[in-house]
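Notes to accompany the following structure.
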Amino acid sequence: MKSNLVIVYHRQPYEEAVEDGKIVYRENKSPNGIVPTLKSFFGEVDRGAWVAWKQVPEGETPDFERVVKIEDSFGSYNVSRLALTPEQVKSFYHVTSKEALWPILHSFPEKYDYEPVDWSTFREVNWLFAEAAAAEAEDDAWVWVHDYNLWLVPTYLRQLKPNLRIAFFHHTPFPSSDLFNVLPWREEIIDALLACDLVGFHIPRYAANFTQAARSLRAVEIETEVRVEEGLSPRRLALSEPTVATQLRTPERMVNIDAFPVGTNASYIRDVVKRVETDRLAEQIRAELGGRKLIVSVARADYTKGTHEMLTAFERLLERRPELREQVVLWVTSVSANSNMTVYQEAQQAIEATVGRINGRFGSLGWQPIILFTKAVPFEELIAYYKVADVCWITPLRDGLNLVAKEFVAAKADDTGVLVLSEFAGTAVELPNAVLCNPYSNRSMDAAIDQALDMSAEEQRARMEKLVAGVNYYDIAHWANHTLDRFRQIADLHRSGGSGQGGEDDGGGSGGGAGSGAEGRPPAAAVGGQVLAAGRAGPRSLRIDGRLPDGYVVLCGCSHAFIQERLALTVECPSCGTSAFGADLATDYTLMQKDRPVAPPPGASAERPAAE
C-alpha cells in the first residue's frame with residue numbers, strides 16, 4: 001500500500017541496536033526533539049512512510065532490508081533506507097552541505113569553499129531520495145522534505161509524480177539574496193523550492209529573504225502579504241520583519257510560504273524537572289558548586305554557535321570583576337562534530353585552547369572557572385543543570401532557531417533564572433524578554449552578562465513568566481497543528497480545482513467566492529481557519545453584502561483580533577477602532593472561515609486590492 005504522507009529526512013526515525021545477534025529498532029528514548037515530532041504526523045494519516053539514508057561500505061552489497069515496517073507508539077509506518085557509500089556521504093553531506101552550503105546559509109561567506117564540491121554527487125543523492133519517496137507515495141500524497149541538504153528533491157519529485165503535494169521545511173536560516181546568490185547553483189536551488197506547494201521557515205525574516213532571492217532570479221510575484229503576529233516581534237529586534245509574503249505566484253504554480261517556529265515539548269521537560277532522579281542530580285550539582293553561581297551554555301562545536309565569543313566574554317568578566325572569581329562557574333558543552341567533518345575542527349580546537357587559557361589564568365586548587373564537556377550530555381541530565389543554573393548563556397553568531405534557549409525556559413517555569421540570548425538566534429523574536437545581546441560587540445556581551453548576574457529575583461521572575469508564556473504558546477504541538485492546518489488547506493484547494501497552478505484562472509471549489517478575487521485567486525492562509533481574502537484594504541478592496549452567516553469572521557490587521565462573529569454592514573475593531581466595514585476598510589484585513597467550512601458565504605464578493 002502506498003502512503004498518504006512521506007517524510008524525507010536524512011536521519012532514521014529510531015535507534016538501531018543489536019540484541020542476541022539480531023538488529024532491533026527502538027523508539028527514541030526522549031519524546032523531545034524533531035524526530036518524535038515528525039513521527040507524530042503519522043497519526044493524522046491512513047498510511048505513512050519515512051525516507052532516510054544508511055551508510056554501507058564501499059563496494060559491498062547492502063546487507064539490510066531496503067524498506068522495513070516499523071510499529072511503535074506513533075503507529076505503523078514504512079522506513080525506506082537509501083544505501084549510500086562512504087564517498088557519497090562525504091561528498092554530499094560533509095563537503096557540499098557543510099563546507100559550501102552551510103557557511104552561506106549562516107552568512108559566513110569567508111568560510112565558503114567551492115573547490116572540493118562535487119555537485120553531480122549532490123544531485124545524485126537528492127535523486128535517490130526523491131526516487132525512494134516517490135516509490136512510497138500515492139500519486140496525490142504529501143511529501144514533506146526537510147532541510148537544505150535535500151534542496152533538489154522537489155524538482156525530481158515533480159518529474160516522477162507531477163500531482164504530488166510537496167512541502168519543504170528549512171531548519172536553518174535563509175540568507176539575504178546577495179549572500180545566497182554567491183552559490184553557483186542558486187537558480188537550480190530556487191527552481192526546486194518553487195516546485196513546492198509549501199515552503200516553511202522558522203521565522204518571517206528567513207521567509208522574507210527567500211522571497212527576495214526568488215524574485216531576484218525568477219519571474220515571481222508576491223500574491224499575498226500579511227502582517228507578522230505580535231508573538232514573533234514584528235518590530236525592534238535584529239531579526240524582526242513587519243510583514244511577510246504568504247503566497248508567491250510563478251508562471252507554473254502558486255507557492256505557499258509559511259513562517260512558524262518549531263517548538264519544544266515543554267510539558268515533557270516540566271515532567272522531567274519534577275522527577276525524583278532530577279532532584280537528586282540537582283542536589284549533587286549544587287553540592288559540587290559549593291554556593292557558587294552556575295552559568296550554563298550548550299552548543300555543538302560549530303563556528304556559527306559563538307562559543308568562542310562567549311568564552312572570551314567570560315574571560316573579560318573575570319578581568320573586569322575580580323570579586324566574581326571563585327564565585328561563579330561556567331559549565332559549557334561543545335559537542336565535537338563527526339571526525340569526517342574537518343570544517344569544525346578549527347572551531348573545536350580554538351574552544352579547547354581558550355578554556356585551557358582561562359582556567360590556567362584564573363583557576364585555583366579549589367575552583368575551576370570553566371567545566372567543558374565535548375561529549376553529548378543525556379537530555380535528562382541537561383535538565384538537572386538547567387534547573388540549578390542561575391544563567392543560560394546562548395550567543396550564536398547566526399542560528400536558525402535554537403531550541404536550547406526554549407528548553408532552559410521550560411525547565412525554569414515557576415522559578416528564577418536569566419536567559420542571555422543572541423539577537424541573531426531565530427528564537428530571539430519569540431523570546432524578547434530574554435537579555436538580548438549582540439555577539440559581534442564586546443560591549444554588548446559584557447553588559448548582558450553583567451545584567452544577568454546582577455538581576456534581582458523579582459525581575460528574574462517577571463521576565464521568566466513572560467518567557468514561559470511564549471515557550472508554552474509556540475510549543476511543539478502548536479507547530480504540528482499549524483502545519484497540519486496548512487496541509488489541509490492546500491489539499492482542499494487541490495481537490496476543489498484550485499490546485500495552485502499558474503495562469504489567469506485558478507478558481508473553483510472552496511477557493512472561490514469571497515476573497516478569491518475577480519481573477520479567481522486561491523485563498524491565503526492563516527492560523528485557525530480557511531482564509532478567503534487577505535491583504536491591505538483600500539477603497540472598494542473588500543465588500544460584504546448583507547450579513548455573514550455563522551462561522552465566518554473578519555480579523556483586523558492591527559493585531560489580528562476578532563472584529564465580530566456575525567457581521568452587519570458596519571462593525572468596529574475593539575483593538576484599533578477600524579470601522580465602516582462593508583464600505584471602505586482602511587487597514588489590513590483577513591476574511592476567514594472558522595473550523596474550515598467548505599462553501600464561501602453567500603453574497604460575498606471582493607476585488608483584488610490594488611498593488612501599492
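The values are calculated or read from the model by the stated rules, or taken from the named source; none is laboratory data. These numbers were taken from a predicted model, which means no experiment stands behind them. Because the Cβ atoms are built from the backbone with ideal geometry, glycine has one as well, and the counts that use them run over all protein chains shown. Side chains are part of the model used for accessible areas, which takes the heavy atoms of the whole protein and leaves out ligands, DNA and RNA. Shrake-Rupley method; radii C 1.70, N 1.55, O 1.52, S 1.80 Å.
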Take residues that are open to solvent by 30 Å² or more (accessible area, probe 1.4 Å) and tell me which of the strands (runs of 3 or more DSSP E) falling wholly in the stretch 370-443 contain 3 or more. 370-373
Every listed condition ((1) open to solvent by less than 10 Å² (accessible area, probe 1.4 Å); (2) within 22 Å of the chain's Cα centre (by Cα)) holds for W142 save (1)
Tell me which residues, restricted to the stretch 170-197, are open to solvent by 10 Å² or more (accessible area, probe 1.4 Å), in contact (Cβ under 8 Å) with a residue 24 or more places away in the chain and outside any loop (DSSP other than H, G, I, E, B). S177, L179, R186, E187, E188, D191
From the list E65, E87, E124, which one is open to solvent by 40 Å² or more (accessible area, probe 1.4 Å) and either within 30 Å of I476 (Cβ to Cβ) or touching a Phe, Trp or Tyr at 6+ places or on another chain (Cβ under 9 Å) (or both)? E124
Subset of the stretch 35-62 [open to solvent by less than 50 Å² (accessible area, probe 1.4 Å) and closer than 21 Å to N126 by Cα]: V35, L38, G48, A49, W50, V51, A52, W53, K54, V56
Report yes if some residue within the stretch 21-30 is farther than 20 Å from N149 by Cα, of a type in the set (S, T, Y) and in contact with a helix residue (DSSP H, G or I) (Cβ under 8 Å, 6 or more places away or on another chain); otherwise report no. yes
Could you check, for the stretch 224-239, whether at least one of its residues is touching a residue at least 12 places away in the same chain (Cβ under 8 Å), in contact with a His (Cβ under 6 Å, 6 or more places away or on another chain), crowded, with 18+ Cβ neighbours inside 10 Å and closer than 25 Å to N472 by Cβ? no
Residue selected from the stretch 1-34 under the condition under 19 Å from the mean Cα position of the chain (by Cα) and closer than 27 Å to V272 by Cβ, by the criterion surrounded by the fewest Cβ atoms within 10 Å (Cβ to Cβ): R11
Which fully enclosed helices (runs of 4 or more DSSP H) of the stretch 70-140 have 3 or more residues being within 20 Å of L38 (Cβ to Cβ)? 119-136
Inspect the stretch 340-362 for any residue being out of contact with any Ser or Thr (no Cβ under 9 Å at 6 or more places or on another chain), open to solvent by less than 10 Å² (accessible area, probe 1.4 Å) and not in a helix (DSSP H, G or I) and give the result as yes or no. no
Does E241 meet the test of being within 30 Å of Q451 (Cβ to Cβ), at pLDDT 95 or above, under 20 Å from the mean Cα position of the chain (by Cα) and among the charged types (D, E, K, R)? yes
